[in-house]
Amino acid sequence: MNTQDKTCPTCADDDGKGRGYFYAVMTAVLCPCHLPVVGLFLGTGAAGAFFAEYFIFLAIFLGILSLITFAAAVRKLL
């Protein structure tokens, strides 16, 4: 039983494009090719030390997250 259409008539028109655009932006932000730029900003301090120590792990982790958000963006936008 879907009561959302009766309580929120404007919610029925939502086709998920807004969430798809959010996923597309997150794909661009999480892309591992941006790691050198992030490394420049985090070059000093504890965050920079963590970044330098675990660079490969971060690249792999962000690559996987980037692929997941890319798949979600394609799924929502197409």
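The values are calculated or read from the model by the stated rules, or taken from the named source; none is laboratory data. The shown structure was predicted, so the numbers you read here are calculated from the model rather than taken from an experiment. A quick note on method: Cβ atoms are made from the backbone with ideal geometry, for glycine too, and the neighbour counts reach across all protein chains shown.
Annotation note: Cβ proximity below 6 Å between a residue of the range 42-59 that is free of Cβ contacts under 8 Å to residues at least 24 places away in the same chain and part of a loop (DSSP other than H, G, I, E, B) and a residue that is surrounded by 12 or more Cβ atoms within 10 Å (Cβ to Cβ) and among the aromatic types (Phe, Trp, Tyr) (sequence gap 6+ or interchain) occurs for 42/51. Can you tell me which residue in the range 5-41 is modelled with the highest pLDDT, limited to those that are at negative phi and not in a helix (DSSP H, G or I)? The selected residue is 31.
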